[in-house]
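The values are calculated or read from the model by the stated rules, or taken from the named source; none is laboratory data. It should be emphasised that the depicted structure is a prediction, and the values quoted were computed from it without experimental measurement. Using ideal geometry, Cβ is built from the backbone for each residue, glycine included, and neighbour counts are taken over all protein chains shown. Please note that ligands, DNA and RNA were not included when accessible areas were found on the heavy atoms of the full protein model with its side chains. Shrake-Rupley method; radii C 1.70, N 1.55, O 1.52, S 1.80 Å.
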2 protein chains.
Amino acid sequence: MSRSTRFLRACRREPVDCTPVWLMRQAGRYQPSYRALRERHSFLELCKNPDLASRVTVTAAEELGVDAAIIFSDILIPVEAMGAPLAITDEGPVLSAPVRDEAAVEALRVPEPARDLPFLLEAIRLTRERLAGEVPLIGFAGAPLTLASYLVEGGNSKTHSSLKELLFARPELARRLLDKLARAVSSVLLAQIEAGCDAVQLFDSWAGILSPRDYRTLALPPTRSILEAIAPTGVPRILFATGASTLLGAMGESGADVIGIDWRDDLGEARRRLGPGLAVQGNLEPACLFLDEVGLEARVRETLGSAGPEPGHIFNLGHGVLPRTDPARARFLVELVHRLTARGAAGEAGR
Amino acid sequence: MSRSTRFLRACRREPVDCTPVWLMRQAGRYQPSYRALRERHSFLELCKNPDLASRVTVTAAEELGVDAAIIFSDILIPVEAMGAPLAITDEGPVLSAPVRDEAAVEALRVPEPARDLPFLLEAIRLTRERLAGEVPLIGFAGAPLTLASYLVEGGNSKTHSSLKELLFARPELARRLLDKLARAVSSVLLAQIEAGCDAVQLFDSWAGILSPRDYRTLALPPTRSILEAIAPTGVPRILFATGASTLLGAMGESGADVIGIDWRDDLGEARRRLGPGLAVQGNLEPACLFLDEVGLEARVRETLGSAGPEPGHIFNLGHGVLPRTDPARARFLVELVHRLTARGAAGEAGR
C-alpha cells in the first residue's frame with residue numbers, strides 16, 4: 001500500500017498501512033513557491049490558468065508528501081460562472097451585485113461546466129497526468145448555504161444578516177436560490193469527477209451560522225441533493241463545515257461518506273455521534289503548527305488518540321493552513337502522522 | 001413583583017412572576033430614534049457623551065418594555081483607554097497600532113476608570129437617575145481573549161491568525177497581554193458597579209475560535225480572575241460567548257452566575273450541561289424577528305419549552321438584534337415572552 005491508495009481506502013473505512021494526511025489550503029501563501037507565483041499572477045489568474053493551477057496543486061502535494069492533492073481553485077469560481085461578477089481582494093471576495101430579490105435569483109444560470117469552466121476541467125486533466133497516479137486528486141465545491149451567503153451578502157459577513165433575512169422573511173425565494181445553487185454544484189462536481197477527480201469535498205464554511213433546527217430545514221436538503229447526485233459515480237464524498245459542532249448529527253444524515261471535523265470538536269466524540277458508518281477527517285488546530293516540534297508532536301498524539309484505532313480516519317487540520325505557517329513545520333507534521341501511525345511501528349503503541 | 005426585580009431574581013435563580021427579557025443590542029440601528037441620533041453623531045461620540053449614551057440606553061429599554069437596560073457603550077472603549085488608538089468604521093473597529101510584540105504589550109496601561117473613562121461612569125449615574133428604579137441597569141465589558149483579538153488583529157478577523165500565532169508561538173507574551181486585559185476589565189467593571197450597575201455581562205465574542213482544551217488553558221483563567229474580582233460586590237455576573245457550544249462546560253466553571261447561550265445551542269441541553277447552580281440567558285435566533293407574528297410565536301414557544309419551568313432563565317436573543325429588524329416586531333417579542341410565561345396565565349400551559 002502507498003500514497004496512491006491510502007486516502008481512498010480510509011474514505012471507505014478500509015484498513016490502511018498508516019493514517020493518510022493532507023492539509024486544507026495545502027497550496028497557499030505559507031509556501032515560498034506559491035508566493036513567487038502570486039507576485040506575477042492574481043489569485044483568479046492562477047485559478048483560471050490550467051497550467052498554473054495544476055502546477056500549484058502538484059507542487060503543494062509534492063513539497064508536503066501528503067496522501068492527496070486537491071485541485072487549486074475557489075468555491076466562488078462556479079458562482080462567477082452562474083453570472084455573478086466576482087473579484088478577490090486582500091480582504092476577501094467581493095460579489096458586486098448582491099442577489100437579494102427574485103429577478104437576481106432568476107438571472108443566475110446553472111453553468112454548463114464544459115462550456116463555462118473549461119479551465120477548471122483542463123486543470124484537473126493536466127494534474128492527473130502530472131500526478132501520474134502517485135496520489136489521488138480531490139475536487140471540491142462550496143455547499144449551497146455558503147455560496148448563498150457570499151451571493152446575498154456580496155462578500156464576507158460577520159452576522160450574515162442579509163442572508164438570514166432572506167432565509168427567514170422570504171423562505172420560498174431562499175429555497176429557489178439554494179436549489180439553483182445545488183443544481184450548479186452538482187453539475188460542477190460531476191464534471192470534475194468526469195475530468196479525473198478521485199474524491200470530492202463539499203465546503204460548507206458558513207453552515208455554523210444556523211441552529212440545528214434551521215440547518216436541517218434550510219441547508220441540509222440542497223446539500224443532500226448534491227451528495228445524492230454524485231453518489232452513482234462511486235467517488236468518496238467529504239462534507240466539511242466549520243463551527244458545526246451542533247450540526248454533526250444532521251451532517252451525518254447528508255449522505256456524505258466522510259465528515260470533516262473542525263478543530264473545536266473532539267474527534268472521538270464526533271465519531272461516536274456520527275456512528276460507525278462514516279469516516280472522519282481532521283482535526284488539528286491549525287495554530288498548532290506554530291508550536292515547536294515537541295509541542296506539535298504532543299498535540300498530534302492527542303488528535304490521533306482521540307480518533308482511535310478504528311479505520312476511517314483521514315488526518316487533516318481542523319481548518320486551512322494559516323498564512324504564516326513555516327512550510328518545514330507542515331512537512332514535519334505529515335511525516336509525523338505517517339510515522340506515529342505506521343502499522344506495527346513503535347509509534348502506534350504511543351497512541 | 002415587577003420589571004424592577006424580575007431580571008435580578010432570575011439571575012439568582014429565584015422564582016419570578018414571568019420570565020424577564022432583554023435583547024442584546026436593544027439600542028441600535030434597527031431603531032428610528034437611534035438612527036436619528038447617529039445622523040448627527042458618530043458611534044464613538046454617542047459612547048463618550050454621557051447625556052446621549054444615557055438617553056440611548058433609556059429610550060431602548062422604554063420603547064421595548066424590557067426588564068433590564070444595558071449601558072450604551074462598546075467593549076473597545078476600555079481598550080482605547082489602555083492606549084490603543086481606536087476608530088469605528090462601517091466595516092467594524094480599526095485599531096491602527098496592532099499589539100504584536102513585547103514593547104506593544106508593555107505600552108498598554110491598566111486604566112483608572114475615574115480618570116480615563118469618566119464619561120462612561122457619568123453615563124451610568126445619569127441612566128440610573130433616569131431609570132428611577134423602574135428596571136435594573138447592566139454594565140458590561142469584553143472578555144480578555146476577545147479584546148486581545150481586536151488588539152492583535154487590529155480589527156475584525158476571519159481566521160484570527162495573528163492572535164493564534166501569539167497564543168501558540170509566544171504563550172508567555174500572550175499570557176502577559178491577557179493578564180493585563182483582565183486587570184483592566186476588572187477595574188472597569190468594578191467602577192461600573194460602583195457607579196450604579198446592578199449586574200454585569202462579560203462578552204467573549206471570539207471565545208469560540210478556541211477548542212475546549214485551548215480555551216481552558218488560555219482564555220478561561222483571565223476570565224475567571226475578572227469574575228472573581230467582582231464577586232465581592234454581589235452583583236450577578238453574566239458570561240456570554242458566541243459559537244461556544246463546545247466550551248459550555250468550561251464556561252460553567254468560570255465563576256459566572258449566568259451563562260449566555262447563543263442561538264445554535266439547545267437551551268435545555270445547555271442547562272443540563274451547566275447543572276442547576278447556574279442561570280441561563282438566551283437564546284432565540286435573532287433572524288426569527290424576520291418571521292411573521294405567528295411564526296415568531298412558534299419559535300418563542302420552542303425556546304421557552306427548551307428552557308423548561310425551573311427558575312433561572314432570562315429570555316434574550318442568541319446574539320444581537322439584526323439591523324433591519326422591525327422595532328414593532330421586537331416589542332411584540334417582549335410582550336409575548338411576558339404573556340406566555342405569566343404565572344397562572346393560560347399561556348403557561350402552552351409551554
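A compact table of results
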{"item": "Any hit, segment B:108-117, residues being part of a helix (DSSP H, G or I) and surrounded by fewer than 18 Cβ atoms within 10 Å (Cβ to Cβ)", "result": "yes"}
{"item": "Qualifying residue in segment A:5-20 (condition: in a loop (DSSP other than H, G, I, E, B), closer than 25 Å to residue A:322 by Cα and open to solvent by 30 Å² or more (accessible area, probe 1.4 Å))", "result": "no"}
{"item": "Options A:252, A:243, A:234; residue that is away from every other protein chain (no Cβ under 14 Å) and touching a Lys or Arg at 6+ places or on another chain (Cβ under 8 Å)", "result": "A:252"}
{"item": "Hits in segment A:241-255 - residues which are open to solvent by 10 Å² or more (accessible area, probe 1.4 Å) and in contact (Cβ under 8 Å) with a residue 40 or more places away in the chain", "result": "A:242"}
{"item": "Neighbours by Cβ (under 6 Å, 6+ apart or cross-chain): first from segment B:294-305, of a type in the set (A, V, I, L, M, F, W, C); second not in a helix (DSSP H, G or I)", "result": "B:304/B:351"}
{"item": "Criterion: of a type in the set (S, T, N, Q) and either over 29 Å from residue A:54 (Cα atoms) or facing chain B (nearest Cβ under 10 Å) (or both) - qualifying residue of A:186, A:211", "result": "A:211"}
{"item": "Residue identified as open to solvent by less than 10 Å² (accessible area, probe 1.4 Å), within 14 Å of chain A (Cβ to nearest Cβ) and of a type outside the set (D, E, K, R) among B:155, B:139", "result": "B:155"}
{"item": "Qualifying residue in segment A:47-67 (condition: part of a loop (DSSP other than H, G, I, E, B) and in contact with a Leu (Cβ under 8 Å, 6 or more places away or on another chain))", "result": "yes"}
{"item": "Residues located in segment B:79-105, provided they are open to solvent by less than 50 Å² (accessible area, probe 1.4 Å) and assigned to a loop (DSSP other than H, G, I, E, B)", "result": "B:82, B:83, B:84, B:99"}
{"item": "Number of positions in segment A:189-208 that are in contact with a Ser or Thr (Cβ under 6 Å, 6 or more places away or on another chain), of a type in the set (Gly, Ala, Ser) and away from chain B (no Cβ under 14 Å)", "result": "0"}
{"item": "Number of the condition not met by residue B:347 [criteria: (1) modelled with pLDDT of 95 or more; (2) in contact with a helix residue (DSSP H, G or I) (Cβ under 8 Å, 6 or more places away or on another chain); (3) outside any strand (DSSP E or B)]", "result": "(1)"}
{"item": "In segment A:289-332, the residues that are among the aliphatic types (A, V, I, L, M) and under 22 Å from the mean Cα position of the chain (by Cα)", "result": "A:289, A:300, A:304, A:307, A:314, A:317, A:321, A:322, A:330"}
{"item": "Subset of segment B:107-144 [free of Cβ contacts under 8 Å to residues at least 24 places away in the same chain and under 30 Å from residue B:176 (Cα atoms)]", "result": "B:115, B:118"}
{"item": "Residue that is farthest from residue B:120 (Cα to Cα), among those in segment B:190-229 that are surrounded by 21 or more Cβ atoms within 10 Å (Cβ to Cβ) and β-branched (Val, Ile, Thr)", "result": "B:209"}
{"item": "Close pairs (7 angstrom Cβ cut-off, 6 or more residues apart or separate chains): hydroxyl-bearing (Ser, Thr, Tyr) in segment B:37-62, assigned to a helix (DSSP H, G or I) anywhere", "result": "B:54/B:123; B:54/B:126; B:54/B:127; B:54/B:130; B:57/B:127; B:59/B:33"}
{"item": "Residue tally, condition more than 11 Å from residue B:195 (Cα to Cα) and in contact with a Pro (Cβ under 7 Å, 6 or more places away or on another chain), over segment B:120-141", "result": "1"}
{"item": "Residue A:270 vs. criteria modelled with pLDDT of 95 or more and open to solvent by less than 30 Å² (accessible area, probe 1.4 Å)", "result": "yes"}
{"item": "Top-ranked residue in segment A:286-333 [being part of a loop (DSSP other than H, G, I, E, B) and away from chain B (no Cβ under 13 Å); ranked as nearest to residue B:168 (Cα to Cα)]", "result": "A:308"}
{"item": "Yes/no for residue B:70 being closer than 28 Å to residue B:328 by Cβ, of a type outside the set (D, E, K, R) and open to solvent by less than 50 Å² (accessible area, probe 1.4 Å)", "result": "yes"}
{"item": "Tally, over segment A:292-303, of residues that are open to solvent by less than 50 Å² (accessible area, probe 1.4 Å), more than 18 Å from residue A:64 (Cα to Cα) and touching a Lys or Arg at 6+ places or on another chain (Cβ under 8 Å)", "result": "0"}
{"item": "Any hit, segment A:161-173, residues being closer than 25 Å to residue A:276 by Cβ and either charged (D, E, K, R) or open to solvent by 30 Å² or more (accessible area, probe 1.4 Å) (or both)", "result": "no"}
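Residues checked against (1) among the small types (Gly, Ala, Ser); (2) within 14 Å of chain B (Cβ to nearest Cβ); (3) closer than 26 Å to residue A:242 by Cβ:
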{"site": "A:98", "(1), (2), (3)": "no, yes, yes"}
{"site": "A:109", "(1), (2), (3)": "no, no, no"}
{"site": "A:114", "(1), (2), (3)": "yes, no, no"}
{"site": "A:119", "(1), (2), (3)": "no, no, no"}
{"site": "A:128", "(1), (2), (3)": "no, no, no"}
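Okay, residues lined up against (1) in a helix (DSSP H, G or I); (2) at positive phi; (3) of a type in the set (A, V, I, L, M):
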site: B:256; (1), (2), (3): no, no, yes
site: B:262; (1), (2), (3): no, no, no
site: B:273; (1), (2), (3): yes, no, no
site: B:280; (1), (2), (3): no, no, yes
